[in-house]
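The values are calculated or read from the model by the stated rules, or taken from the named source; none is laboratory data. Worth saying up front: this structure is predicted, and the values here are computed from it rather than measured. We place every Cβ from the backbone using ideal geometry, glycine too, and count neighbours over all the protein chains shown. Accessible surface is based on the protein model in full, side chains and every heavy atom, while ligands, DNA and RNA are left aside. Shrake-Rupley method; radii C 1.70, N 1.55, O 1.52, S 1.80 Å.
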Amino acid sequence: MIENILPSNSESYWRAHEDFPLFPKLNEDMEVDVAIIGAGLTGITAAYLLRDSGLKVIVVEGSDILKGTTGFTTAKVTAQHGAIYQQLIDTFGEEKARLYYEANTEAKDFIEQTIEELGIQCHFEKVDAFLYTNTDDGVEVLQKELEAYNKLGIEGATLTKDTGLPYTVKESLKLENQGQFHPLKYALALVKQAENKGVQFFEKSRAKSIHSTNLVEMVDGNEIRAKKILVCSHFPFNDEDGLYFTRMYSERSYVIATLAEANYPKGIYINVEKPSRSIRTTVGTDGRRYLLIGGEGHITGRFEGDTTANFEALAAFGREQFKVKQYAYRWSAQDLVTLDQVPYVGPMTSGMQDVLVATGYAKWGMTNSAAAAKIMADNVLDRDNRFAELYAPTRSKMKMADISTFIKSNANVAKELVKGKTEKIDVLFQDLQLGKGDIVKLDGRKVGAFKDVTGKVYLVKPVCTHLGCDVVFNDAECSWDCPCHGSRYTYTGEVIEGPAYKPLEKIEFVE
Ligand code: FES
């Protein structure tokens, strides 16, 4: 049972206050120059960048626009992505680590300039970013990170204990001149611009596979022929060769938001250690300032117990550090993390030069999505992009640390596959409480069951339609989540996010 200072339903603050345009379902075959699969910030920014190209561009979304990761982010517009630069220097060397910084700084500047040029009212604010710690180990990490900044020539960075937070920190690394905004107000303005220039958007149109380099097959049988296909669907839906499933993992994290009653800080913050705490504020549509607290990340489908405990941990932190008594919003997000922390953007494989992918932003999707959209748009327009090589999915260098993550990640998937098939089910259907879901035994059979608060029962076969791992129930979101590659389904079995594109098999409940 969720603590009563939190709302009973999960709802993103960003999505709660926006009106979304409605777009038709794709119900015919199409032939276009560019097919963009996925209407999140990456797909929308790519469409915006291609709006004046003279090319026929369509954007096809499996669900509704901006209902995926973009609607659930904390929307920090920064090149300070945790303590990443020392790690990037170790993995790629200084030159490429610097390129990563420059790609994200140029992306930040692009967002800011676009907002200014178009006069977008999206509450953009220039703020300082802080990476902070309260442990001795964390202080060492921050000192090393500042050394990395100095090697890379990153300016505007200092170590300081003066953060503006209402609690003391042992140390923080401040990076000046970063930003925050309302991600959906920004993205919707780009949609309008693209649409005005002839880009067509389609919703509730789910892609199933890419048969050759220029043919997209949709779940309902329609086909799109395109000279270039941009896969911006979060997890690439068309990974038949499994190249991406084994090189990324998906992580869920949690956010709560409330009206601020005190003088809340104006920066953007994240700590170095676990559990993570990500903090920012935003000006609400009512002109008042809201506080957002995020964190408690874990690999999708791999949290022991009731996931509402993650919201409660954040609420306890807010109560202790910010004296918050009540929260108005709670929601969770899903992010994909690559083995070396740099997203995969570019031709999907060396043999598929016209199918481009953008994925794996590791929670830093605001700037990385803009960088990715620019790389893809430049590819479409046959222009050079100096960041393309760094982000290329086909980059081959893997260090020992990456290889061990790779082996561990695949061993975990294998374990989930085996565990699902052998694990004993202790919960009997009749013991399932109202408002709860679980894998239960019903008439000697293992089924996924959800009983709503009125007692209505929804049954599914609890086997992911992607590669067959057993799904687990996520209490906080009332969803079935797959621990292998992060597919998620509603309690009725409909796909929320892939790589799966087929719903869970429904089972009829007979009383
Ligand atoms: Fe791959 Fe479920 S997402 S098996």
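Tabulated data
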{"item": "Every residue from the stretch 323-364 that is in a loop (DSSP other than H, G, I, E, B) and among the basic types (Lys, Arg)", "result": "Lys323, Lys325, Lys363"}
{"item": "Filtered residue count, the stretch 401-439, keeping only those that are at pLDDT 75 or above, surrounded by fewer than 11 Cβ atoms within 10 Å (Cβ to Cβ) and either within 16 Å of the ligand (Cβ to nearest atom) or of a type in the set (A, V, I, L, M, F, W, C) (or both)", "result": "1"}
{"item": "Count of residues meeting criterion [in contact with a strand residue (DSSP E or B) (Cβ under 7 Å, 6 or more places away or on another chain) and among the aromatic types (Phe, Trp, Tyr)] in the stretch 51-98", "result": "1"}
{"item": "Hey, Glu223 under 14 Å from Tyr48 (Cβ atoms) and among the acidic types (Asp, Glu) or not", "result": "no"}
{"item": "Any hit, the stretch 14-22, residues being in a helix (DSSP H, G or I) and surrounded by 15 or more Cβ atoms within 10 Å (Cβ to Cβ)", "result": "yes"}
{"item": "Residue identified as surrounded by fewer than 21 Cβ atoms within 10 Å (Cβ to Cβ) and modelled with pLDDT under 85 among Ala262, Ala316", "result": "Ala262"}
{"item": "From Thr135, Thr160, residue being over 23 Å from Val345 (Cα atoms), at pLDDT 95 or above and in contact with a strand residue (DSSP E or B) (Cβ under 6 Å, 6 or more places away or on another chain)", "result": "Thr160"}
{"item": "Selected residue (criterion: nearest to the ligand (Cβ to nearest atom)) from residues of the stretch 480-496 that are surrounded by fewer than 23 Cβ atoms within 10 Å (Cβ to Cβ) and of a type in the set (S, T, N, Q)", "result": "Thr490"}
{"item": "Candidates Thr105, Thr91, Thr73 - the one that is in contact with a Leu (Cβ under 9 Å, 6 or more places away or on another chain) and not basic (Lys, Arg)", "result": "Thr73"}
{"item": "Scope the stretch 222-233; condition open to solvent by less than 50 Å² (accessible area, probe 1.4 Å) and either in a strand (DSSP E or B) or modelled with pLDDT of 95 or more (or both); matching residues", "result": "Asn222, Ile224, Ala226, Lys228, Ile229, Leu230, Val231, Cys232"}
{"item": "Matching entry among Met352, Met366, Met376 (being surrounded by 22 or more Cβ atoms within 10 Å (Cβ to Cβ) and under 19 Å from Val34 (Cα atoms))", "result": "Met376"}
{"item": "Filtered residues of the stretch 192-221 (kept if of a type in the set (Asp, Glu) and either outside any strand (DSSP E or B) or touching a Cys at 6+ places or on another chain (Cβ under 7 Å) (or both))", "result": "Glu195, Glu203, Asp220"}
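For every residue, the table says whether it meets (1) on the phi < 0 side of the Ramachandran plot; (2) within 16 Å of the ligand (Cβ to nearest atom); (3) buried (at least 21 other Cβ atoms within 10 Å of the Cβ).
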{"position": "Lys441", "(1), (2), (3)": "yes, no, no"}
{"position": "Gly444", "(1), (2), (3)": "no, no, no"}
{"position": "Phe450", "(1), (2), (3)": "yes, no, yes"}
{"position": "Tyr458", "(1), (2), (3)": "yes, no, no"}
{"position": "Thr465", "(1), (2), (3)": "yes, yes, no"}
{"position": "Gly468", "(1), (2), (3)": "no, yes, no"}
{"position": "Gly498", "(1), (2), (3)": "yes, yes, yes"}
{"position": "Ile507", "(1), (2), (3)": "yes, no, no"}
{"position": "Val510", "(1), (2), (3)": "yes, no, no"}
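To keep it simple, each residue is scored yes or no on (1) over 26 Å from Gly360 (Cα atoms); (2) open to solvent by 10 Å² or more (accessible area, probe 1.4 Å); (3) free of Cβ contacts under 8 Å to residues at least 24 places away in the same chain; (4) touching a helix residue (DSSP H, G or I) at 6+ places or on another chain (Cβ under 7 Å).
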| position | (1), (2), (3), (4) |
| --- | --- |
| Ala257 | no, no, no, yes |
| Ile268 | no, no, no, no |
| Val272 | no, yes, no, yes |
| Tyr290 | yes, yes, no, yes |
| Thr300 | no, no, no, no |
| Gly305 | yes, yes, yes, no |
| Gln326 | yes, yes, no, no |
